[in-house]
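Visitor: A single structure is presented below for examination.
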Amino acid sequence: MAQYFQIHPINPQPRLIRRAVEILREGGVIVYPTDSSCALACRLDDKRALERIRRIRHLGEKHNFTLVCRDLSQVAQFVRVGSQAHRLIKALTPGPYTFVLKATKEVPRRFQHPSRKTVGIRIPDHPVAQAILQELDQPVFSTTLILPGETRALEDPVEIRERLEKQVDLVIDSGVIPYEPTTIIVLSDDLPEVVRRGKDDGRLQSLLG
């Protein structure tokens, strides 16, 4: 049975954040808020928890999970960031953007694109997500909470609790999170290519036109 934490969306309670991180460290799967949707997450090196997420969403082996990081310095440990990519990521984060870059050896091969050897990374602009990442002090693997047969992410934590209480270990309720897909930017050879226009807080338009 999933635990259910009501965490303030602006000023997260440290005690609940610490407990959420303990659940992750113990091999748990959590539902948490980001700046674009509710999402599922587990620890970076937890194979069993990742397989549980695959089962919840009916995902195949080729599905690309996103590496959700605390900040740009943490990103640089897991992907190769050239000078132009560094400037762009710095200008757009934290925010509702996913960047696809070449992975370093710190990212297991099974989580990289099989031919391009890339991985998607995110630095979310949500106080609860940031508090979890700060306390955990490492990235998490994450995927939007879109259930099989549906096209939109679940938005209401109360509904999420009802539908997933036997499949996850924790549901964080920081209010309803309206679903908007992130904007995906591929940074190949340090040149940006927007492959999906999603949520944009205006910064991307001003940078790329």
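Visitor: Report, by residue number, each residue of region 171-206 that is polar (S, T, N, Q), part of a strand (DSSP E or B) and in contact with a helix residue (DSSP H, G or I) (Cβ under 7 Å, 6 or more places away or on another chain).
Guide: If the condition is that a residue be polar (S, T, N, Q), part of a strand (DSSP E or B) and in contact with a helix residue (DSSP H, G or I) (Cβ under 7 Å, 6 or more places away or on another chain), then Thr183 is the only one that fits.
Visitor: For region 1-21, which positions are more than 11 Å from Pro127 (Cα to Cα) and in a loop (DSSP other than H, G, I, E, B)?
Guide: Correct list: Met1, Ala2.
Visitor: Condition first: farther than 19 Å from Arg57 by Cβ and modelled with pLDDT of 90 or more. Now tell me which residues in region 102-123 satisfy that.
Guide: Answer for region 102-123, where residues must be farther than 19 Å from Arg57 by Cβ and modelled with pLDDT of 90 or more: Ile121, Ile123.
Visitor: Within the set of pairs 6+ apart or on separate chains, which have a first residue in region 38-56 that is surrounded by fewer than 16 Cβ atoms within 10 Å (Cβ to Cβ), a second that is not in a strand (DSSP E or B), and C-beta atoms under 7 Å apart?
Guide: Short answer, once both residue conditions are applied: Arg48/Gly27.
Visitor: If I ask for residues that are outside any loop (DSSP other than H, G, I, E, B), touching a Cys at 6+ places or on another chain (Cβ under 8 Å) and not aliphatic (A, V, I, L, M), which ones from region 22-52 would you list?
Guide: Tyr32, Arg52
Visitor: If we scan region 58-67, do we find a residue that is touching a residue at least 12 places away in the same chain (Cβ under 8 Å), farther than 21 Å from Pro181 by Cβ and in contact with a strand residue (DSSP E or B) (Cβ under 8 Å, 6 or more places away or on another chain)?
Guide: Within region 58-67 (the criterion being touching a residue at least 12 places away in the same chain (Cβ under 8 Å), farther than 21 Å from Pro181 by Cβ and in contact with a strand residue (DSSP E or B) (Cβ under 8 Å, 6 or more places away or on another chain)), the answer is no, since none of the residues qualifies.
Visitor: Among the residues of region 152-192, which ones are at pLDDT 95 or above and at positive phi?
Guide: Scanning region 152-192 gives a single hit, Gly175.
The values are calculated or read from the model by the stated rules, or taken from the named source; none is laboratory data. These figures come from a predicted structure and were not determined experimentally. Note that each Cβ is placed from the backbone with ideal geometry, even for glycine, and that neighbours are counted across all protein chains shown.
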